[in-house]
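The structure appears right after this line, and notes come after that.
The values are calculated or read from the model by the stated rules, or taken from the named source; none is laboratory data. This one's a predicted model, so the numbers in the text were calculated from it and none came from an experiment. Here the Cβ positions follow ideal geometry from the backbone for every residue, glycine too, while neighbour counts run over all protein chains shown.
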Amino acid sequence: MRPRIYLFGDSITESSFTPGGWGASLAHHFCRTADVVLRGYSGYNTRWALLVADKVFPPAEGDSHGGGAPLAVTVFFGANDACLPDRCSGFQHVPLEEYKQNLHSIVSFLKKRWPKTTIILITPPPIDEEARLQFPYVENPSGLPERTNEAASAYAKACIAAAEESGCLVVDLWTKMQEFPNWKSACLSDGLHLAETGNKIVFEEVVKKLKEQGLSLETLPVDLPLIGNIDPENPLKAFEN
């Protein structure tokens, strides 16, 4: 069976298989070497993610996929945790220190289940506060954005710290995205979710992190022989090898 790469996160992960999405790009990139498995849950924060982790991931023994431990797992939460507690999406808010501890607990869960699996934490993206007012997802009587870029920055730093403390890789999306000119319109579709450039950034950064761990098209075996290695007169020979 092909090895797997799990994508675990909130709506930014759930929507990653839309056209041009970073998950779809990963699936295309690894199309002959690994299966990219989507496990995104719109609206979830790390508190809920921790509660359902055991339901999301197969047990180490008796894995129904038959593929053993996955090559890697991306953990992409924080955008909902960082909702301000006194705004319209306050029910999603998780205090900063709890968020960091939840990331530690999720990483510990994954490491216990699959000790050799590469884990990549991804920070929440930056926030375009003006755009958030134009695309509310719940009634917003206060007229104030439910998320701020300042809060997203704090949660991004906590994510980076959690990765460093737990020995995981991390993609600092909050910083990386803001390096692009006109990042608000180029990288975000509604002040929070990713537009084409934002998806491209996540895809490229995840591929880069995987390559650092020796997980690349150059190192991973392909699934079944490539057509150039098949003798039309005796195809069985290639398949047996």
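Looking only at residues in the stretch 48-85 that are part of a loop (DSSP other than H, G, I, E, B), under 27 Å from Gly214 (Cα atoms) and in contact with a helix residue (DSSP H, G or I) (Cβ under 7 Å, 6 or more places away or on another chain), which one is modelled with the highest pLDDT? Steps first, please.
Of the stretch 48-85, the ones part of a loop (DSSP other than H, G, I, E, B) are 57-71, 77-85.
Subsequent filtering for residues that are under 27 Å from Gly214 (Cα atoms) retains 57-71, 77.
Filter once more, so that each one left must be in contact with a helix residue (DSSP H, G or I) (Cβ under 7 Å, 6 or more places away or on another chain): 57, 60, 77.
Details: Phe57: 93, Ala60: 67, Phe77: 98.
Among them, the one singled out is Phe77.
Taking the options Ala162, Ala151, Ala156, name whichever one is touching a Ser or Thr at 6+ places or on another chain (Cβ under 6 Å) and under 24 Å from His104 (Cα atoms).
Ala156
Output the residues belonging to the stretch 117-136 that are modelled with pLDDT under 95 and either more than 23 Å from Gln178 (Cβ to Cβ) or not in a loop (DSSP other than H, G, I, E, B) (or both).
Glu129, Glu130, Ala131, Arg132, Leu133, Gln134, Pro136
Say whether the condition of being in contact with an Asp or Glu (Cβ under 6 Å, 6 or more places away or on another chain), more than 28 Å from Lys211 (Cβ to Cβ) and either of a type outside the set (Gly, Ala, Ser) or surrounded by fewer than 16 Cβ atoms within 10 Å (Cβ to Cβ) (or both) is met by at least one residue in the stretch 95-106.
So in the stretch 95-106, the residues in contact with an Asp or Glu (Cβ under 6 Å, 6 or more places away or on another chain) come out as 99.
Those left that are additionally more than 28 Å from Lys211 (Cβ to Cβ): 99.
Next, from what is left, pick out any that are either of a type outside the set (Gly, Ala, Ser) or surrounded by fewer than 16 Cβ atoms within 10 Å (Cβ to Cβ) (or both): 99.
Taking every residue of the stretch 95-106 in turn, at least one turns out to be in contact with an Asp or Glu (Cβ under 6 Å, 6 or more places away or on another chain), more than 28 Å from Lys211 (Cβ to Cβ) and either of a type outside the set (Gly, Ala, Ser) or surrounded by fewer than 16 Cβ atoms within 10 Å (Cβ to Cβ) (or both).
Only one residue in Leu188, Leu215, Leu226 is buried (at least 18 other Cβ atoms within 10 Å of the Cβ) and farther than 18 Å from Thr13 by Cα, so which one is that?
Leu215
Tell me which of these Asp231 doesn't satisfy, since it passes every other one: (1) farther than 21 Å from Phe76 by Cβ; (2) touching a residue at least 60 places away in the same chain (Cβ under 8 Å); (3) charged (D, E, K, R).
(2)
Filter the stretch 86-115 down to the residues that are of a type in the set (Phe, Trp, Tyr) and part of a helix (DSSP H, G or I) and list them by number.
Residues satisfying the conditions are Phe91, Tyr99, Phe109.
For Val202, all conditions in the list (1) under 23 Å from Phe30 (Cβ atoms); (2) out of contact with any Phe, Trp or Tyr (no Cβ under 6 Å at 6 or more places or on another chain) hold save one; what is the number of the exception?
Unmet for Val202, out of (1) under 23 Å from Phe30 (Cβ atoms); (2) out of contact with any Phe, Trp or Tyr (no Cβ under 6 Å at 6 or more places or on another chain): (2).
For the stretch 135-148, check the following and say yes or no: at least one residue is farther than 29 Å from Thr118 by Cβ, among the polar types (S, T, N, Q) and touching a helix residue (DSSP H, G or I) at 6+ places or on another chain (Cβ under 8 Å).
Yes, the stretch 135-148 contains a residue that is farther than 29 Å from Thr118 by Cβ, among the polar types (S, T, N, Q) and touching a helix residue (DSSP H, G or I) at 6+ places or on another chain (Cβ under 8 Å).
In the stretch 197-219, what count of residues is obtained for those that are under 16 Å from the mean Cα position of the chain (by Cα) and in contact (Cβ under 8 Å) with a residue 24 or more places away in the chain?
11
Can you confirm whether the stretch 147-163 contains a residue that is assigned to a loop (DSSP other than H, G, I, E, B) and either of a type outside the set (A, V, I, L, M, F, W, C) or surrounded by fewer than 22 Cβ atoms within 10 Å (Cβ to Cβ) (or both)?
Checked the stretch 147-163: at least one residue is assigned to a loop (DSSP other than H, G, I, E, B) and either of a type outside the set (A, V, I, L, M, F, W, C) or surrounded by fewer than 22 Cβ atoms within 10 Å (Cβ to Cβ) (or both).
Report every pair of residues separated by at least 6 positions or lying on different chains whose Cβ atoms are under 6 Å apart, first residue within the stretch 1-27 and touching a residue at least 60 places away in the same chain (Cβ under 8 Å) and surrounded by fewer than 23 Cβ atoms within 10 Å (Cβ to Cβ), second assigned to a helix (DSSP H, G or I) and of a type in the set (A, V, I, L, M).
Here the result reads none, with nothing in the stretch 1-27 linked to a residue that is assigned to a helix (DSSP H, G or I) and of a type in the set (A, V, I, L, M).
Please state which of the following conditions Leu217 fails to meet, knowing it meets all the rest: (1) assigned to a helix (DSSP H, G or I); (2) over 30 Å from Pro145 (Cβ atoms); (3) in contact with a Ser or Thr (Cβ under 7 Å, 6 or more places away or on another chain).
Status for Leu217: all satisfied but (1).
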